[in-house]
Amino acid sequence: MNGNRGGHGPPLPFMSERGAKISFRSVSLTYHSTQSSTQAIDRVSFDVAPSTFVAVVGPSGCGKTTLLKLVAGLLRPTEGEVFVDEEKVTRPLKIVGMAFQNASLLPWRTALGNVLLPLEIVQPYARQLRQKKADFVRRAQELLSTVGLAGFESYYPWQLSGGMQQRVSLCRALIHGPKILLLDEPFGALDAFTREELWLVLQRVWLDLGPTVLLVTHDLREAVFLATTVYVMSSRPGRIVGERVVQFNYPRDLELSYSAQFTELVHALRVNMAKEQREDL
């Protein structure tokens, strides 16, 4: 674990004690249709160390979400290779949890029911759920408590605010104890105040549970606040054109985001992105 994290209590006992390493090796991917071909990413290479928090920023359409799908095994590279814990990714991985911009909760299920949903669908969890349902329910309740939703287990999505729905979505992504947490603009649809509140929730979850996190976002402040390292992508086809190590200690509070050092780093990333976009014109 990162020595700068500070004390945030031990991980929940059923969660991964350590995240997995992610490696991209000269990865390119081209989408083909009957009408045309579009190259999404071009020769992407970088590593994500176990249990670190990496953010990828870049303009819309640069291939950020494609990176997440490659790690999860939902897509195969056109060229190059993706590795997780030194094993080549060739199929969907069960050690991955994913959360998206839209919470996509089932409206007829409670918060607790939505968190448990993946365990009912995917083996071997579905078989384990039938055998030890009380244990899994307790796990889901502990997760909901971790993100500040104790007492809301029986609420339906329509009874929850957007921020609360995203907390449920995050718990659903974590219920099976993934070694890797993939986040695709999870707070992009929320207002600024709620978004910042959820930065703190996500930071606490990561510090407590220790998965490797790969976040893609347009929000440079979000990237700098949460991440150990920020990668900058160019316009499509996406390439890695910048890397910034974020030196601020954990846990981070929101006052940090108003400091001169924080603002300087955000500005440097913005300049890096703007430079690449000008060169692409």
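General observations
- Residue match in segment 183-191 (condition: at pLDDT 95 or above and of a type outside the set (D, E, K, R)): yes
- Within segment 179-209, tally of residues that are crowded, with 24+ Cβ neighbours inside 10 Å, in contact with a Gly (Cβ under 9 Å, 6 or more places away or on another chain) and assigned to a loop (DSSP other than H, G, I, E, B): 2
- Whichever residue in segment 78-95 is under 20 Å from the mean Cα position of the chain (by Cα) and within 27 Å of THR38 (Cα to Cα) and, among such residues, is surrounded by the fewest Cβ atoms within 10 Å (Cβ to Cβ): ARG91
- GLY63 being at pLDDT 95 or above, on the phi > 0 side of the Ramachandran plot, within 18 Å of the chain's Cα centre (by Cα) and not charged (D, E, K, R): no
- GLU142 vs. criteria out of contact with any strand residue (DSSP E or B) (no Cβ under 9 Å at 6 or more places or on another chain), without any contact (Cβ under 8 Å) to a residue 60 or more places away in the chain and not polar (S, T, N, Q): no
- Take the conditions (1) in contact (Cβ under 8 Å) with a residue 60 or more places away in the chain; (2) hydrophobic (A, V, I, L, M, F, W, C); (3) within 19 Å of GLY177 (Cα to Cα); LEU119 misses just one of them, which is (1).
- Scan segment 136-151 for residues that are in contact with a Leu (Cβ under 8 Å, 6 or more places away or on another chain) and assigned to a helix (DSSP H, G or I) and the total you get is 9.
- For the criterion of being hydrophobic (A, V, I, L, M, F, W, C), at pLDDT 95 or above, closer than 26 Å to GLN166 by Cα and surrounded by fewer than 22 Cβ atoms within 10 Å (Cβ to Cβ), LEU215 fails.
- Taking the criterion of being of a type in the set (Ser, Thr, Tyr), farther than 29 Å from LYS21 by Cβ and touching a residue at least 24 places away in the same chain (Cβ under 8 Å), the residues of segment 145-181 that qualify are SER154, TYR155, TYR156, SER161.
- Test: residue in segment 109-120 that is β-branched (Val, Ile, Thr), part of a loop (DSSP other than H, G, I, E, B), exposed (fewer than 15 other Cβ atoms within 10 Å of the Cβ) and more than 20 Å from the chain's Cα centre (by Cα): no
The values are calculated or read from the model by the stated rules, or taken from the named source; none is laboratory data. Keep in mind that what you see is a predicted model, and the values were worked out from it rather than measured. So basically every Cβ, Gly included, is an ideal-geometry build from the backbone, and we count neighbours across all protein chains shown.
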